[in-house]
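Structure, as structure tokens:
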Amino acid sequence: MSYAIDLNPRQSARTLEQAVRQQAQVVLEPRVWADHQELLCRIEPPGNPLELDMVPVLVLAVLSRGETLVAPAGPEPPQARPVGLDELRGLIGTYVDAVIWLGEHRYMFSSDLLRVLPAVGAGEPPRVHVTRPVALQVAQRRRFRRINLSHSAQVELTWEREGLGRMGGVAWLCNLSGDGLACRTEQRIADMLWIGDEMNVEFTLAPGDTERFQLRGALCSKTPTGNLGKCILGIQYLADEAHPGTVEAARLLRQRLVERAPQLANTRKGVDF
């Protein structure tokens with residue numbers, strides 16, 4: 001079962017900035033339409049804001065018939081349907097639910113549809129303006145139960161940043177499963193990372209272990225801890241066809257977790273994977 005994690009305003013702002021840069025696709029579900037009737041859109045740079053805007057907006061290009069969602073959305077990904085300008089204008093002032101597809105992650109919010117702008121030229125899509133949300137939620141689709149560790153091992157994180165090259169930091173394992181982990185790090189390191197960033201993750205299951213696991217992962221959450229200057233990072237492994245090394249490492253990791261769960265966990269109860 002999927003559930004959502006709230007992002008704070010700062011995390012949400014960074015995620016929206018990344019979505020604008022990547023022109024992420026968005027599925028809009030107007031609440032005045034029947035269930036499962038959706039608009040497939042693409043986030044665009046804001047350009048010159050209109051003087052009449054009293055609140056920040058997101059600019060969404062309404063995609064044309066036949067276009068489908070790039071990110072995997074199950075056996076039948078959303079597909080753009082033909083929609084007329086008059087039908088779009090009928091949505092002005094109504095509430096919409098939105099899902100942003102950014103990499104392998106889904107970010108959700110609800111907003112007001114403020115304005116509809118007709119196409120500015122042949123072949124151009126119409127655009128809609130929606131209120132820019134202050135906070136987002138990220139969908140958590142965990143497939144394996146995570147175990148809390150009785151002894152925390154060190155995690156080495158490395159990633160690339162355009163213009164800055166290779167970057168890195170150290171964290172400490174909090175819990176892990178066959179498809180993701182949580183680790184505690186310094187706030188200054190967390191501040192260098194954006195939701196959706198891909199990184200290399202290397203760790204052992206316990207301090208002193210000689211077997212090391214190296215996986216490619218994506219940051220899906222950042223949560224401040226009760227300790228000043230600390231943050232918990234939630235990382236999902238990218239175990240797909242594009243990352244065969246991570247697929248094999250995740251398979252081996254699941255096997256080791258099954259074998260060593262009683263020794264690794266800080267509880268005597270059984271755990272499942």
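The values are calculated or read from the model by the stated rules, or taken from the named source; none is laboratory data. Note that the coordinates shown come from a computational prediction; the quantities given were computed from them, not determined experimentally. Here the Cβ positions follow ideal geometry from the backbone for every residue, glycine too, while neighbour counts run over all protein chains shown. In case anyone asks, the SASA skips ligands and DNA or RNA and just uses the protein heavy atoms, side chains included. Shrake-Rupley method; radii C 1.70, N 1.55, O 1.52, S 1.80 Å.
Below are the figures for this structure:
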| item | result |
| --- | --- |
| Charge sum, other residues only, whose C-beta stays under 15 Å from Val20's C-beta, Lys/Arg counted +1 and Asp/Glu -1 | +3 |
| Charge sum, other residues only, whose C-beta stays under 15 Å from Thr225's C-beta, Lys/Arg counted +1 and Asp/Glu -1 | +2 |
| Residue-span extension gain [Leu117 to Asp35] - 0.36 nm each, minus C-alpha spacing | 27.0 nm |
| Nearest-10 value in Å² for the accessible area of Val247, using the 1.4 Å probe | 60 Å² |
| Residue-normalised accessible area of region 164-226, expressed per residue, 1.4 Å probe, Å² | 40 Å² |
| Surface share of carbon and sulfur [accessible, 1.4 angstrom probe, percent] for region 157-201 | 49 percent |
